[in-house]
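Each value in this text was obtained by applying a stated rule to the coordinates, not by laboratory testing. Bear in mind the structure is a predicted one, so any value in this text is a computation, not a measurement. Here the Cβ positions follow ideal geometry from the backbone for every residue, glycine too, while neighbour counts run over all protein chains shown.
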Amino acid sequence: MNILVVGGGGREHAIIKKLRENERVETIYALPGNGGIAQDAVCTGIAATDLDGIAAFARENPVDFAVIAPDDPLVLGLADRLRGLGIPCFGPSAKAAAIEGSKVFAKDLMRKYGIPTARYQVFTSSAEALAYLETCPYPAVVKADGLALGKGVLICEDIAAARAAIASIMEEKIFGASGSRVVIEEFLTGPEVSVLAFTDGKTVVPMVSSMDHKRALDGDQGLNTGGMGTIAPNPYYTPAIAKRCMEEIFLPTIRAMNAEGRTFKGCLYFGLMLTADGPKVIEYNCRFGDPEAQVVLPLLKTDLLTIFQAVEEERLAEVPVEFSQECACCVMVVSGGYPAHYEKGKAISIVPSAGAIYYHSGTARRPDGALVTSGGRVIGATAVGDTLEAAIEKAYAAARGITFEGAYMRSDIGQRALRAKEG
Ligand code: AMP
Ligand code: GLY
C-alpha cells in the first residue's frame, strides 16, 4: 500500500515511523515532510495547506490511503476533498474539524450538551467585550475564535491585561479573521492532561494519557509554545478519573457531534483540566497533539494502519487497541529564542544514543545532504522505559547529544509528573 501523510513535523514523523512497522506499507509520501522524515518517506515539498497541490498529487500518484495530521488542512476541508476523489483518509471532515477550528462552536456545543467546561461568554464586538471586562472575575481567559497557531489564548491577570488582549485580537487583528469573535472564560486551575482518542463516530478508544509542557522555560515560566516536551502516561489521570472522563466528556462529545450532523472520525484530542470540581474540557483538537503523538505512538502495540482503516470504515469496535505498560518521554530541542524570534539554517550534529528515537520537527537537508534547522522546534528526543525516571533519563541523554548553534531545551520535562507520583 502507498500512503500519503500530510504534514511535516515531529508528530508526522512519529506517525510515519509507526506506519513503517507494517510490512504492507510500501511507499509513504510526506507532504511536505522534513529533513528527518526524508529517511522514512518520500518528501514532496508540497505544503500541508496547499489543498489544490495535494489533490493534484493524490490524483497523479498511486495513493491508497491518506493521513491528514495538522489542524489547518482538516479545518479547510482536505479530508472531504480527498474522500471526494475516492481516497480513504484518516482525519475528520471540515464540519467535524470545527470542534477545533472554532472555539465558539466548541464552547456552544459543550453548553448545549452539558459537557463540563469553563463558564464563558462570546463577543463579536470589542465594545461589548470591553464592557464585560468591567465586571468579570480575574484572572480571565481571552480566546480568539479561530486557529491562531496555538497562540490565540491569553491569560489576563487583571483588567488592563484583558483590555490589551481584546485590543490586539479584535482591533489590531493580530490573529487575522480568527479574532472577529472572542470567548472570554473563567480561569480554571488544576493539573492538565492530554487524552487523544481514536473514534469512528460510534466507538471511542482513548489512548494512553500524556502531559505536555507548553511554557518555554523551566518551572512553567515564559511564553506559551507548541510544546517543549511530553511524558506518558500522565500520573494524574487515574483509572477513576478516566472512567469519569469517558462518561461525562468523551462519549457525550461523540454523541453531541453525531446529533449535530458532524460525526467525528479521526483522532479527537481532549485537553482536560482536573479541577476541584471534576475534569473539565479546556480545548478540543481535531488531530494528534504535537508532541503528544511522540510519546503516545511509541507505546502503541496495535498496528496503526489497521486502526486508521477501521476508523475510516467505521468498524473500530472490531479492533482491540493495546498500549504498552511502559512510560515514554519526549524532550524538544529548540532553536534559541523560540517561540519568539529565532534563526534557521544552523548545522545539526547528532551523537546517537542507544535506544532513543529522534522525531524531527524543524529540520531540512541542504543540497550537500547536511542536516540543518528549519523551525523553532527542531528535534524531539524520545525514549521509552520501564519507569518514568528511566524514560526521562534516556530522553535527556539523547537530547544532550543533539547540538547546533543556539540549541535550547527545558531541563525539567517530566519532573512535575514524578512529583505527582511521589505525592
Ligand atoms: P490552548 O491554546 O487552548 O491549548 O490553551 C493554552 C493553555 O492555556 C492551556 O493549555 C491552559 O494551560 C491554558 N488555559 C486555557 N484555557 C484556560 C482556562 N479556562 N483556565 C486556565 N487555563 C487555561
Ligand atoms: N501540544 C499541544 C497541541 O498539539 O495542540
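Scan (1) buried (at least 19 other Cβ atoms within 10 Å of the Cβ); (2) touching a residue at least 24 places away in the same chain (Cβ under 8 Å); (3) away from ligand 2 (no atom under 16 Å from the Cβ) for the single condition Ser210 breaks and write down its number. Tallying (1) buried (at least 19 other Cβ atoms within 10 Å of the Cβ); (2) touching a residue at least 24 places away in the same chain (Cβ under 8 Å); (3) away from ligand 2 (no atom under 16 Å from the Cβ), Ser210 fails exactly one: (3).
Of the residues making up the stretch 171-204, those that are closer than 13 Å to Lys143 by Cα and touching a Pro at 6+ places or on another chain (Cβ under 8 Å) number 2. One residue stands out among those in the stretch 345-359 that are more than 14 Å from Ala407 (Cβ to Cβ) and in contact (Cβ under 8 Å) with a residue 24 or more places away in the chain: the one that is surrounded by the fewest Cβ atoms within 10 Å (Cβ to Cβ), which is Pro352. Just wondering, is there one or more residues in the stretch 89-97 that are part of a helix (DSSP H, G or I), within 16 Å of ligand 2 (Cβ to nearest atom), crowded, with 22+ Cβ neighbours inside 10 Å and in contact (Cβ under 8 Å) with a residue 60 or more places away in the chain? Looking through the stretch 89-97, at least one residue is part of a helix (DSSP H, G or I), within 16 Å of ligand 2 (Cβ to nearest atom), crowded, with 22+ Cβ neighbours inside 10 Å and in contact (Cβ under 8 Å) with a residue 60 or more places away in the chain.
Being under 26 Å from Ala317 (Cβ atoms) and either assigned to a helix (DSSP H, G or I) or within 16 Å of ligand 1 (Cβ to nearest atom) (or both) is the requirement here; does Met211 meet it?
no
Within the stretch 274-288, the only residue that satisfies the criterion of being of a type in the set (Asp, Glu) and touching a helix residue (DSSP H, G or I) at 6+ places or on another chain (Cβ under 9 Å) is Glu283. Take Phe250 and tell me if it is among the aromatic types (Phe, Trp, Tyr) and within 16 Å of ligand 2 (Cβ to nearest atom). When the stated conditions are applied, Phe250 does not pass them. Number of residues in the stretch 103-126 that are farther than 15 Å from Tyr284 by Cα, in a loop (DSSP other than H, G, I, E, B) and within 15 Å of ligand 1 (Cβ to nearest atom): the value is 1. Kindly indicate the residue of the stretch 214-241 that is outside any loop (DSSP other than H, G, I, E, B), in contact (Cβ under 8 Å) with a residue 40 or more places away in the chain and small (Gly, Ala, Ser) and also surrounded by the fewest Cβ atoms within 10 Å (Cβ to Cβ) among those meeting that condition. Across the stretch 214-241, the extreme among qualifying residues is Gly219. Of the conditions (1) closer than 26 Å to Lys112 by Cα; (2) more than 17 Å from the chain's Cα centre (by Cα); (3) not aromatic (Phe, Trp, Tyr), Ser168 fails just one. Which one is it? So the condition that Ser168 fails would be (1).
Only one of Ala48, Ala66, Ala129 is part of a helix (DSSP H, G or I) and either aliphatic (A, V, I, L, M) or more than 18 Å from the chain's Cα centre (by Cα) (or both); which? Spell out how you get there, then give the answer.
Details: Ala48 fails: part of a helix (DSSP H, G or I); Ala66 fails: part of a helix (DSSP H, G or I).
That would be Ala129, the only listed residue that is part of a helix (DSSP H, G or I) and either aliphatic (A, V, I, L, M) or more than 18 Å from the chain's Cα centre (by Cα) (or both).
Residues that are outside any helix (DSSP H, G or I), farther than 19 Å from Asn224 by Cα, of a type outside the set (Lys, Arg) and within 16 Å of ligand 1 (Cβ to nearest atom): does the stretch 285-300 have at least one? Looking through the stretch 285-300, at least one residue is outside any helix (DSSP H, G or I), farther than 19 Å from Asn224 by Cα, of a type outside the set (Lys, Arg) and within 16 Å of ligand 1 (Cβ to nearest atom).
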